[in-house]
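Here is the structure we will look at, set down as structure tokens.
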Amino acid sequence: MATGETLGAFCLTEPAAGSDAAGIQARAVRVGDCYKLNGTKTWVTNGNAAGVLIVFAKTDPSAGGKGISAFLVEPGFSGFRVGRHEDKMGQRSSPSVEILLNDCMVPVENRLGEEGQGLKIALSALDGGRIGIAAQAVGLAQGALEETVKYAKQRKAFGKNIGEFQAIQWMIADMQTEIEAARGLTHYAAWLKDAHPTKTGASASKAKLYASEMVNRVVFKAVQAHGAVGYSRETDVERMYRDARVITIYEGTSEVQRMIIARELLGTPEKQSVATS
Ligand SMILES: Cc1cc2nc3c(=O)[nH]c(=O)nc-3n(C[C@H](O)[C@H](O)[C@H](O)COP(=O)(O)OP(=O)(O)OC[C@H]3O[C@@H](n4cnc5c(N)ncnc54)[C@H](O)[C@@H]3O)c2cc1C
């Protein structure tokens with residue numbers, strides 16, 4: 001995977017469980033030296049192109065989130081099938097597919113970690129992934145800003161370049177400032193992950209929350225500053241507008257990030273009741 005010879009895929013989300021990851025229903029039953037997996041995973045990025053997929057399934061449904069285990073599944077395993085391809089608003093060059101597991105036989109040695117460690121593995125993976133998603137948002141916003149500056153320097157209205165109008169200048173100033181703020185949060189979360197991997201706290205969530213909402217504000221202004229052509233498929237900002245919309249949703253929605261950040265400050269409800277009692 002490091003060389004890019006093989007792509008990976010991450011299979012947590014299901015038709016009835018997204019933010020509520022502990023609510024997944026995929027099942028893994030031990031059968032001799034294999035696990036038999038059954039279930040449906042949805043919205044799996046690169047699920048149709050991956051050489052190895054991490055699949056989360058319950059080995060002990062009675063234990064809720066603590067009953068989830070992780071498995072390395074290969075597309076060649078019996079009972080594995082790629083289902084529907086999502087037809088998305090944006091990011092259309094990135095496939096999002098359904099994975100169908102029907103008595104999919106997975107060797108025991110393909111279990112990742114111990115039984116019951118699946119949710120911990122998933123959440124630690126997401127904690128890293130969120131920094132990558134924040135960086136994606138910063139890059140997309142940077143592209144939208146550069147397109148807007150280029151356009152503002154050459155598009156004329158009322159005999160002037162629109163970049164001479166204060167309203168456009170203020171849009172561009174806000175875009176630049178917000179991008180730099182998001183870049184700072186993202187770099188800090190990345191530095192923490194490298195330097196103090198056990199002390200990252202909610203830094204990844206803060207970076208993902210701010211950067212993902214920032215890029216949607218930035219692409220809105222980019223399309224606005226382009227006028228009608230900003231709404232045409234001939235311009236990049238139109239694609240950027242569509243690509244940005246999902247970034248507040250995947251890898252944990254903005255609402256989930258806010259829950260994580262608040263929990264770091266307030267403690268879990270149990271801790272709060274202890275604190276208040
Ligand atoms: C393009 C794309 C690629 C994706 N790639 C992957 C992938 O590779 N692997 C994978 O496993 N998943 C993937 N996903 C799925 C993604 O992670 C989920 O869509 C996301 O976690 C949200 O889950 P959901 O869609 O079921 O929304 P829901 O969980 O149903 O949430 C719906 C709304 O309710 C809000 N909400 C839910 N619970 C609460 C709460 N307790 N408090 C307040 N608000 C709440 C949410 O924030 C959201 O606004 C992808 C999704 C997309 C769109």
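The values are calculated or read from the model by the stated rules, or taken from the named source; none is laboratory data. None of these values were measured; they are calculated from a predicted model. Virtual Cβ from ideal backbone geometry, glycine too; neighbours counted across all protein chains shown. Keep in mind that these areas ignore ligands, DNA and RNA; they rest on the heavy atoms of the full protein, side chains included. Shrake-Rupley method; radii C 1.70, N 1.55, O 1.52, S 1.80 Å.
Tabulated values for the structure
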read-out	value
The stretch 2-21 residues that are among the hydroxyl-bearing types (Ser, Thr, Tyr), paired with ones that are open to solvent by 70 Å² or more (accessible area, probe 1.4 Å) and not in a loop (DSSP other than H, G, I, E, B) (beta carbon under 8 Å, 6 or more apart)	Thr13/Trp43; Ser19/Glu255
In the stretch 17-47, the residues that are in a loop (DSSP other than H, G, I, E, B), within 20 Å of Lys88 (Cβ to Cβ) and open to solvent by 70 Å² or more (accessible area, probe 1.4 Å)	Ser19
Residue in the stretch 82-90 that is open to solvent by less than 40 Å² (accessible area, probe 1.4 Å), outside the structural domain of Ile249 (by TED's automatic domain parsing), part of a strand (DSSP E or B) and more than 12 Å from the ligand (Cβ to nearest atom) present	yes
Lys153 assigned to a helix (DSSP H, G or I), open to solvent by less than 30 Å² (accessible area, probe 1.4 Å) and among the basic types (Lys, Arg)	no
Which listed residue, of Ile68, Ile133, is at pLDDT 95 or above and either within 18 Å of the chain's Cα centre (by Cα) or away from the ligand (no atom under 15 Å from the Cβ) (or both)	Ile133
Filtered residues of the stretch 48-60 (kept if under 10 Å from Gly118 (Cβ atoms), more than 12 Å from the ligand (Cβ to nearest atom) and either charged (D, E, K, R) or not in a loop (DSSP other than H, G, I, E, B) (or both))	Ala57, Lys58
Test: residue in the stretch 222-242 that is basic (Lys, Arg), part of a helix (DSSP H, G or I) and in contact with a helix residue (DSSP H, G or I) (Cβ under 7 Å, 6 or more places away or on another chain)	no
Residues of the stretch 1-40 classified as within 7 Å of the ligand (Cβ to nearest atom) and over 23 Å from Ile260 (Cβ atoms), total	1
Number of positions in the stretch 165-218 that are hydroxyl-bearing (Ser, Thr, Tyr) and either open to solvent by less than 30 Å² (accessible area, probe 1.4 Å) or in contact (Cβ under 8 Å) with a residue 40 or more places away in the chain (or both)	6
Residues of the stretch 107-150 satisfying the condition of being buried (at least 18 other Cβ atoms within 10 Å of the Cβ), under 11 Å from Ala211 (Cα atoms) and out of contact with any Gly (no Cβ under 7 Å at 6 or more places or on another chain)	Ile131, Ile133, Ala134, Ala135, Gln136, Ala137, Val138, Leu140, Ala141
Condition check for Glu213: in the same structural domain as Glu147 (by TED's automatic domain parsing), among the charged types (D, E, K, R) and more than 27 Å from Gly267 (Cβ to Cβ)	no
Yes/no for Arg233 being open to solvent by 100 Å² or more (accessible area, probe 1.4 Å) and either within 16 Å of the ligand (Cβ to nearest atom) or modelled with pLDDT of 95 or more (or both)	yes
